[in-house]
Structure formats: structure tokens, C-alpha cells
2 protein chains.
Amino acid sequence: MASGDSKAADKGLQENQQNTTNEEDFAKDSYGNLPLIQSKEKNDRQLLPVRDVNEALAKQTIWVRGRLHTSRGKGKQCFFVIRHQSATIQAVLCVNENVSKPMVKFVANISKESIIDVEGEVSLAPTPIESCTQKNVELQVKKVFVVSAAEPRLPLLVEDAMRPDEPTTADGQAGPHVNQDTRLDNRVIDLRTPANQAIYRVEAGVCKLFRDTLDAKGFVEIHTPKIISAASEGGANVFQVTYFKSNAYLAQSPQFYKQMAIAADFGKVYTIGAVFRAEDSNTHRHLTEFVGLDLEMAFSYHYHEVVDTIGDLFTQIFKGLAERFATEIAIINKQYPCEPFEFVEPALRLEYKDGVALLADAGVQMGSEDDLTTENERILGGIVKKKYHTDFYILDKYPLAVRPFYTMPDPNNPKYSNSYDMFIRGEEILSGAQRVHDPQLLLERVKHHKINIDQIKAYIDAFRYGCPPHAGGGIGLERVLMLYLGLGNVRKTSMFPRDPKRVTP
Amino acid sequence: MASGDSKAADKGLQENQQNTTNEEDFAKDSYGNLPLIQSKEKNDRQLLPVRDVNEALAKQTIWVRGRLHTSRGKGKQCFFVIRHQSATIQAVLCVNENVSKPMVKFVANISKESIIDVEGEVSLAPTPIESCTQKNVELQVKKVFVVSAAEPRLPLLVEDAMRPDEPTTADGQAGPHVNQDTRLDNRVIDLRTPANQAIYRVEAGVCKLFRDTLDAKGFVEIHTPKIISAASEGGANVFQVTYFKSNAYLAQSPQFYKQMAIAADFGKVYTIGAVFRAEDSNTHRHLTEFVGLDLEMAFSYHYHEVVDTIGDLFTQIFKGLAERFATEIAIINKQYPCEPFEFVEPALRLEYKDGVALLADAGVQMGSEDDLTTENERILGGIVKKKYHTDFYILDKYPLAVRPFYTMPDPNNPKYSNSYDMFIRGEEILSGAQRVHDPQLLLERVKHHKINIDQIKAYIDAFRYGCPPHAGGGIGLERVLMLYLGLGNVRKTSMFPRDPKRVTP
């Protein structure tokens, strides 16, 4: 897995070490390895972010800090690219009255990914530098210091990791790629690619938009416990924890707790936090630990008040992403091209039975009370996209038989329920429902589902002292982002993913 | 634990049931138990929040939904209080041409905490109603329907649960109190008190201020895994999880992951999430699961860049709370009186050795390299408050010996380190440091601390490919709120607290 140029880099390291024993060098104060930054003294030097270096700074001498992305030494000069987050700039170092040959050699031999402080004069690029984000300027380098050296043997190169999977150049030539396990094993390097820098900024944006939209609607953020005393939904797929001299479990969702917050008069609540599923599913869309965006809301008379709220929430998220993260999305699309995301306002809401009918029209047969298979969800997503021009829609009134015990039955048809899923590009990203808020009906449903009443006593008891009608839903953050960006694998949207085979790094 | 009036309530329930068999009642359509709200049909009726009912609405007929907080039936009339979240309003029901005697009886017998829809005309109160938040208006009731009935036997009364611990009335008489375990065992009722409604709104405010302040400073929100492969800091105090056919652990902090995000070029990151400590500490300030507000930041040359950022973060939080949550804080202080919170801007920063000297001046002797005991922290907090008039301060440059292995040693004095704690009212709420970002020095420190290198290999490796100098810290959300509000127990600021003896509800 070592990069191809590691031998050359090893040689360079030796030469750099020898360098310190050389005879007097007139440029010796202009380059070298900085001592470890241990906060020995303060320094007022301004380090300019690479993304801010542009034509307006021409002829000014500035300092930047970044990684050595690539370098090419040719005799008396060295061209190198400095990368900081998603931004890159070309730097030029030439032997002159202030720059010595040993200095050029030193810089040419700095290992890739090392962090360097560079002083240089901003100059206009004679022709646009297509390989860098800062296309119209370059740095005429005066000083270079290594802040933190990377080992010369890198397990993967950022250059390779940032290459699109499908060659998009005219000549159809693709460079080396990095497979997913290598990326995840060396996540600290993999995360440095422009696409990854952008993905996790967009992910933060989804959370911010979720919260800001709900805050404006009067929701209260809450925090729910992850350690619970009993496997809440029947005992399957739950991780067990050794809890002092006893056992406990990891919560599969904040479901019960957000409902208790409703029974406790908080009215409208949301929570963002870790959710755990001990499911041995090794697919592109399953994780054993993911980030849940959960909300729950008391309503006045009809659960569609909540469905409309969630529909509008997604509209606001989609609008906000398009408005605030266009740059990041463009960077991601460059590595991972995908069809532009479409949505309609207000969000499309279909009934389950109408979805089944659409499938039947397309030749897909299924029972009216069967659950949708993943494959049928995808087909239906395609049909909906063609017919309604939206990649997001709501499917309402699922068959009661395929939903959890706490789902409110449809009062108008006992086969159905007041429950809904929401989809992006044909894959489920939210599951929700009106909940049973009456303890008697809840007990009936618990018995019908043959669930051990003792294990959920505290939950049922929560409804004995008055509870408003309420509905809500849970969103998988990583799935939303994977599908919105068309990334194809949920491991691309979890910074340190957990699946049945991976708990490191 | 049943409330004193449960027998009367039982009797009332029977009478209410008999009521349905009575002869024709001219008001029969104006009261009763609503069928279960199962979203059978939509209803455009506007339910006004109780907090919004004021003089401006005088003579208007409105609908409100709330809980029956208290009621007093006297012959032909019934006075009752409707509570919605922190707001209460008095309602008056009198027999007249539209209100029958059976109706008054029905309402007088509704069990406390039941959720009711009430239609009434807003009238100006003849004298201010001191027992309600809406003091200048009352409702002349026309219709009352029970939306969700509470069981007549309540494990605790909200009236009792909202009473200040110390009697503050002139006569010094205190009513019944509710002890902490009863509260926590019946948290869904306990959380309905005005103080609890306010506490969790202020808690949401702390998180929002934390995020908004850091977003404005260019931080990126990240999510870090809670399931980890090895006990990160030596193996003590860590919960073990059964992970398929193997074992894993619950993260004691997001420390390693936020540092990896720094090594991965995110520059400035924060995360809010569950943190787990398998510590058998049964104190007022320990939880086994709490909410960590963590941040980490690359700096240019000195870790005080980070300390100043965190100091300003707290300033913004304190200012924001005072500005946006004055109402909630006043409600909380009513039940839990405490000294007003003082702070200075910029935040006070003292060196550890100067703190030790202040203690010595006050007659408290300790070794210069010893850690501060909880008791000495509190004494020092008192001294600082007296001298500098601040309840928040930063203690910098802790002895190296008492800090974790990844703490950067002080380059100017090997006995000390570039680390700091922050305090509110003399108790620690943040611990942080410049971290060792050099893999060689890190290995030395690991060996010095006799930690198993194999278990933290992925962590050490993260620094092999270049890492900027960085520092950060972790804040305990529940502690910040407990101390800021002077609540005295961290179980008062955790919605569903977890300690060695409690994992329910």
C-alpha cells in the first residue's frame, strides 16, 4: 500500500539530514525544520488561508500554512503545490540572490503531506493554473519551514484518493485509485481530500438546517440516554453493555424518550445523537452506529400537522443546502458525479395504496398489506421521479401489519395505519407515525405483537397521566447525505464508520 | 406515594361514568370525554397557547388546550387552573343558561393532569390572580372536553414538585415536598414543573449558543463514534459492549476522534454527544452517561489562541443566556433560589501556581505538583470570586504529572504542562490542553505513563503523516447548567439521568 515514490522520498530524507552538516549556506535562515511548536513563545505572524490568496494580494508578501500536496524539483527550481483544506496554490522556488541551491534541494525533498509554513510574494499566474483552486495567482517563495513532517511512506496519496472513480478526462485515462478499506484504515489521510473536506461540511450543514428550521418552529432540543435497562423493541438487534454488576443495552432509537418528553409537556422536541443497531447487515446503507435526527411533536387534531411540518423541514434543508453549500456540492460532484437533486414544494405526499398501484401499473405485483422491498422502493422512486419530478417524497398510510406496536391504527381502515416513510432517490431516509398515546390501546397493541410487557412498563406508564396526541419520525443523517449527494455508500458519509466488521480507527 | 386526594378522585371518576346514564342534559354537547384523537378528521380549530392569553383578547372567545392543574368545585361553580408548559390561567365555570349542574360536576371531577380542551371568553380579572402566570385575565368557560385523562392516583403532584425546597412565604409554612427518587421514578410528571420546563429550555440554549458561537468562528461540527475497539485511556472506567462475536467499548470522550479530525485538516471542530464513564461514583456531580460539548482547534503558534477562543465562547454563552433566557432563569430561581451569576470579560486566566499561592495565603497547604482536590477547587473558587468578582475563571498550566499522557509539556518548565481547567462557582466544567502532535514525543509520553501501545496504535499513527499543533477541551453540559443555575445536583439537569444505581426510566 506504500506510495510509488517512497524510495525517492527516503533518499530525500537522508539528504535533508546530511544537509544540516553542510558548509555555510547564505540562505540557511530561510528554510529548515521548525522545532516542535510547544507554545514556547507567542508569534504575531498572520497565516493567510490558502483559499483567500487571490489577485487582490498581487505583489504582497504573505505567509501561508498548508500541506505539501505535490512537488517537482528540476535543478535550480522547484514547483510545489500547497494544500489547505479544499484549497490549493502553486508555489515557485528558484535559485536567486536569496535562495540557495541547498534550499531548493531541501524543499524538493520535503515529504508529501508535511505541514509547511511558506513565505512568498503573490504574483499573477502567466496562464491559469488548472490543477489548483487558486488559478490566477502563484507564490514566489522566499522561506519554507517544516512545521510537522509526514513520514515519507504514505499508505495512500491524497492525489489518488481525490480522483473520480470514472475517468472524465478526454483521453479516458484514469490514474491509480484507492479502495474503500485502504481509505477507511487510513482515514486521517483519506479525509483530507477536497471531496471529504466538503462532505463533512455539508453534513454539518444538514444538522444546522435541521436544528435552525425546528428551532424557528418552536421545537426544544433534548438529549436522551443511550444506555437503557431493557431491549426496547423485542430484544433483537440490540447491543448488550456490562453495567457494573448487571447488564444494560444500547438504545436503538430515542423513540421512547422523545415520546416521554411529549408526555412531559415539551410539546415539540428534537434530538441529534448516536443510534445503535446490532444488525449483521453488510450493505451499502447499514451501519451499526449512526447519527439519528429525531423529532416528535404534539399535534392538535390530525397527524398530518406533523407530516406537513416534516415535509417543510426537508424543503428547508434542500433549499438551504443549495443556497449555502453550492461550492462544497460542486467539489463533491467533481469526484462523485451525480444527477442534480430535484424536489417540489410542498413535498409530494402519496398514499401507500397508490404507491402499490403505481408499481402494479409498471408490472410489479405485491400484496396490498406487504411491506415494500428495498428493490420495490427503488422502482417506485424511479416512477415517482418520472411522474412528479421529485427525488424526495412522502409515502403515507402504511399497512398496520408492517409497523411497530406503538403505531396508531388508521381509524378509517383497520388494515392501514397513521404512519409514513420518506424517501430520497428511492431509498428510505425517515420512518415515522402517529403514536398510540392511550395506555389501553397501547397495551392491546403490545399484546397483539407478543411483546413482553414487563420490559416496557416504564414506557406504557408514561401515558397513564395524560398525554397529547403526537407523531414524529427518525432520520438517518448518513443516509440523507449519501442519497442527496448520490454517493452510493453510507461509509462515505460517516467520518469513522462502524459496521459488523469495522470498529477502527 | 399516591397523592392525598386520590380517594376523592376515584369517587369523581365513578360519578363521571354514571353521568353518561343521566337523563337529558341541555349542556350535554358542551362537555365530556373526547373519543381518542386518532386523526379521523381534520379540524381547523385554533388552540391558543395559554402563555399568549392576555388583556388584548378580552371579550374574545378562544380555545386552549392544557392540563387540569388544580380545581375547586363549590356547588354551582368550579374554579380550575389550566396549565400549559410553564403558563397557567384561571378558568371559571358557573351554572347558567348554557352550563348545567351535571357539567360543573363533570369538570370538578376531572382528574388532575388530564389534558383538556376548553372554550371560554377571556375576561379581565377583578384582582390580579397571584397563583397563575396569566395574572390579569381569566376564562369564563363555555365548553370542556377531556382529550387524555390522567389516572386519578398520581405518584406525585406537580403542585408539590414545583414547591421551593426552602419555604419563602412570610409564614414559613412549607407544603409537602417530593424527594429525588420519586421525581426520577416518575420523571414524566416531574418534568412538567415550571422549573423543569425552563431548565431543559436553558439547556437547549447552552447547546445552541455553543454551536452558534463556534460556527461563527469557523468551526465544523463533526460526529464521533461511541463504540470503540479498545479502552482508550488505560482501561479503567470503561463500559464493555458485546459486539457480535467480539467485544468493544463505549468511548469515554471524543478526544481521539476530534484530534484525528484535526490531523485530517478540518482545522477547528466541535461535537456534542453522549460520553460514558463506568465510574462507581455516587456524588452530586457524577453521571455514568452525560452530554459532552467537545471542541478541538489547530492553532498557529501558541495554545493560548485556543484558550482565548474557549474563554470567549463562555463569555458568549453567559451573555446569551442572560439576554435570551431571563424569563426561564427567573422561573428556575423561583423554585431554586441562587446567587446571581457574575463573570468578567475577557475571562480571568490564572496560572496553577498562582492558584496554589492564593490557597496558601488562605491557609490551605498543598504540594506544588499535587492535583487540586474537589474541596480545594471550591475554596479557590470562593477566593477568586471575592478577589476578582467572577464565578467563571480559567486555571492554566497544571502540573504535568496530574494530566493525561497526550498533554503537551510546558517547554519552559518540565514540571508543568500546557493544560487548563475551567471552573464555574468553584467546580470544574472543562478540562483541556495543548495535545502532543508529534508521534515521537507521544510515544515517549505513552511509555512514561506505562500505557499499552498496541491499544492506541491507530491514535499514534494519526500523527505520523503531519499534524498541526492543536489544543481543545471537553465540557460537561449537565455540570455547566447545574453550576450556572446553582442547582446542586447534576440529576436536575439530565432529563433521564444515568448513575451507577439508575438506568430507568
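If you check every pair at least six apart or on different chains, which have Cβ atoms under 6 Å apart with a residue in segment B:26-44 that is away from chain A (no Cβ under 14 Å) first and a residue that is in a loop (DSSP other than H, G, I, E, B) second? Cβ pairs passing all conditions: B:Phe26/B:Ser100; B:Ala27/B:Val99; B:Ala27/B:Ser100.
Counting the residues of segment A:461-479 that are closer than 19 Å to B:Pro225 by Cβ and within 13 Å of chain B (Cβ to nearest Cβ) gives 3. Of everything in segment A:393-448 that is over 25 Å from the mean Cα position of the chain (by Cα) and among the acidic types (Asp, Glu), the residue that is nearest to A:Glu377 (Cα to Cα) is A:Asp396.
When B:Ser229 is tested against the conditions (1) over 19 Å from B:Ile451 (Cβ atoms); (2) facing another protein chain (nearest Cβ under 7 Å); (3) over 24 Å from the mean Cα position of the chain (by Cα), the lone failure is (1). Would you confirm whether any residue within segment A:457-475 is in contact (Cβ under 8 Å) with a residue 40 or more places away in the chain, touching a Cys at 6+ places or on another chain (Cβ under 7 Å) and under 30 Å from B:Ile262 (Cβ atoms)? So far as segment A:457-475 goes, no, none of its residues is in contact (Cβ under 8 Å) with a residue 40 or more places away in the chain, touching a Cys at 6+ places or on another chain (Cβ under 7 Å) and under 30 Å from B:Ile262 (Cβ atoms).
Assess whether B:Ser86 counts as being within 30 Å of the chain's Cα centre (by Cα) and crowded, with 19+ Cβ neighbours inside 10 Å. Yes, satisfied.
If you go through segment A:46-63 and keep only what is of a type in the set (Asp, Glu) and without any contact (Cβ under 8 Å) to a residue 12 or more places away in the chain, you end up with just A:Asp52. Filtered by the rule that a residue be assigned to a helix (DSSP H, G or I) and among the hydrophobic types (A, V, I, L, M, F, W, C), segment A:319-368 gives A:Leu321, A:Ala322, A:Ala326, A:Ile329, A:Ala330, A:Ile331, A:Ile332, A:Val356, A:Ala357, A:Leu358, A:Leu359, A:Ala360. Within segment A:239-268, restricting attention to residues that are in a strand (DSSP E or B) and hydrophobic (A, V, I, L, M, F, W, C), the residue that is surrounded by the most Cβ atoms within 10 Å (Cβ to Cβ) is A:Leu250.
Scanning segment B:395-416 for residues that are hydroxyl-bearing (Ser, Thr, Tyr), more than 12 Å from chain A (Cβ to nearest Cβ) and either touching a residue at least 60 places away in the same chain (Cβ under 8 Å) or touching a Gly at 6+ places or on another chain (Cβ under 8 Å) (or both) turns up just one, B:Tyr406. Of the residues making up segment B:468-505, those that are over 30 Å from A:Val147 (Cβ atoms) and of a type in the set (Val, Ile, Thr) are B:Val480, B:Val490, B:Thr493, B:Val503, B:Thr504. Pairs are defined by a Cβ separation below 8 Å, a sequence spacing of at least 6 or placement on different chains, a first member in segment A:318-331 that is touching a residue at least 24 places away in the same chain (Cβ under 8 Å) and not assigned by the TED database to the domain that holds A:Ala87, and a second member that is in a loop (DSSP other than H, G, I, E, B) and among the aliphatic types (A, V, I, L, M); the pairs so defined are A:Ile329/A:Leu485. Taking segment B:95-148 as the range and being among the small types (Gly, Ala, Ser), buried (at least 21 other Cβ atoms within 10 Å of the Cβ) and in a loop (DSSP other than H, G, I, E, B) as the test, only B:Ser111 passes. Residue check: B:Arg72 meets all listed conditions (1) outside any loop (DSSP other than H, G, I, E, B); (2) surrounded by fewer than 18 Cβ atoms within 10 Å (Cβ to Cβ); (3) touching a residue at least 40 places away in the same chain (Cβ under 8 Å) but one, namely (3).
Going by the conditions given, is B:Val291 surrounded by 21 or more Cβ atoms within 10 Å (Cβ to Cβ) and either closer than 30 Å to A:Ser246 by Cα or of a type in the set (Val, Ile, Thr) (or both)? Yes; evaluated as a whole, the condition is true for this residue.
Applying the condition of being part of a strand (DSSP E or B) and charged (D, E, K, R) to segment A:29-69 and asking which residue is nearest to A:Phe145 (Cα to Cα) yields A:Arg65. Residues in segment B:480-505 that are among the charged types (D, E, K, R) and away from every other protein chain (no Cβ under 12 Å): B:Arg491, B:Lys492. The test for being crowded, with 22+ Cβ neighbours inside 10 Å, more than 7 Å from chain B (Cβ to nearest Cβ) and hydrophobic (A, V, I, L, M, F, W, C) does not hold for A:Leu321.
Just to verify a result, which residue in segment A:17-43, among those that are under 24 Å from A:Asn98 (Cα atoms) and within 39 Å of the chain's Cα centre (by Cα), is modelled with the lowest pLDDT? By that ranking, first place goes to A:Asn43.
The values are calculated or read from the model by the stated rules, or taken from the named source; none is laboratory data. Predicted model only: the values in this text are computed from it and were never measured. Every residue, glycine as well, gets a Cβ built from its backbone with ideal geometry; the counts of neighbours run over all protein chains shown.
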